[in-house]
Structures are given as structure tokens and as C-alpha cells.
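See structure below.
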Amino acid sequence: MSLFTTLLLLAGTVCSSESPQKEEHKQSGQASYYANRFNGCRTTSGERVKQHLFTGAHRTFPFNTLVEVTNQANQQSVVIRINDRGPFHKGRVVDMTTAAAKAIGLLGRGVVNVTLRVVGKDRYVAQLDESPTLDGRSPLLPGLVPVQ
């Protein structure tokens, strides 16, 4: 048996037959929140900032992407829907509404270190004028699509 054939056989036994899993979309950096003066202003997507909803800005995630934001200091998490572009400060990976900031203990701190994880995309959100709220009566839940 030639050296080439032996190496080929060994390579076949070392390689896994499982298909490679899709890489999970995670990111770390700092989070900040919109000042109250931005309430009612238009976002890049055309929606208005509504401080009582769980929405936020990211530089590259597509609009309507659902992102879990976890405060690294206290491990509190919130899921926000991306509907804006930003933040444009070095080191910051997400801006969010005050409701979302409050949910993870960010209010009053200015910025905190967070981890972002894409958890899904809402296919119906474009027709709706609302996002998930604190009261749990979100019309979005039936439309959630898990990330594959």
C-alpha cells in the first residue's frame, strides 16, 4: 500500500461524519441606552423609538433580529428586537431602550459589559407596530422563528 493511500485512509477515520454545526452568533462589548430625548424619534428602520418597548440598535444585525442581551456583571438578560443602527461609540455593541436597560440593571450606570446572542428572527414583526413588552402580552410570540 502506498503512503498516499495510507494517509487517505487515516484521514477518513479521523474526520467526523457529522455535518458541521452552524456557528452561534455571539458578541461581547459594552451596552448603552437611548436618552429620554430620543423617545418618539425615528430609527433607521423608520419606526419610532418607544422607550417602554424592548428594542435596540446594532451595527450589522438585520432589522427584526431577536437578540438576548446579558449583563456580564449580574447575569440578568433581556431579549430585544433590532430596529435601529448604532451605536457608533468605540467598544459599544448595542444601544437599547430604557425598558430593556432597566431589565438588565443598566439604568443609572451609563454603560455595562454585555454578551449578545442571536436567538431568532420575527417574521411578522414588519406588519406590527409593537415589540415585546414587560406585561407578557406580546403579539410576537406566535411568529418567532428559531435560528437554525
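Kindly rank 38-46, 25-33 from highest to lowest mean number of other beta carbons found within 10 Å of each residue.
Values: 38-46: 13.1, 25-33: 17.6.
Descending packing order for the listed peptides: 25-33, 38-46.
In nanometres, what is the gap between the two model label sites at GLN27 and GLU68, each 7 Å from Cα along Cα-to-Cβ?
Using points 7 Å along Cα→Cβ, the separation is 1.8 nm.
Readers should treat all values here as calculations from the given coordinates under stated rules, not as data from a laboratory. Please read these numbers as outputs of a predicted model, since none were measured by experiment. Backbone-built Cβ (ideal geometry, glycine too); neighbour counts: all protein chains shown.
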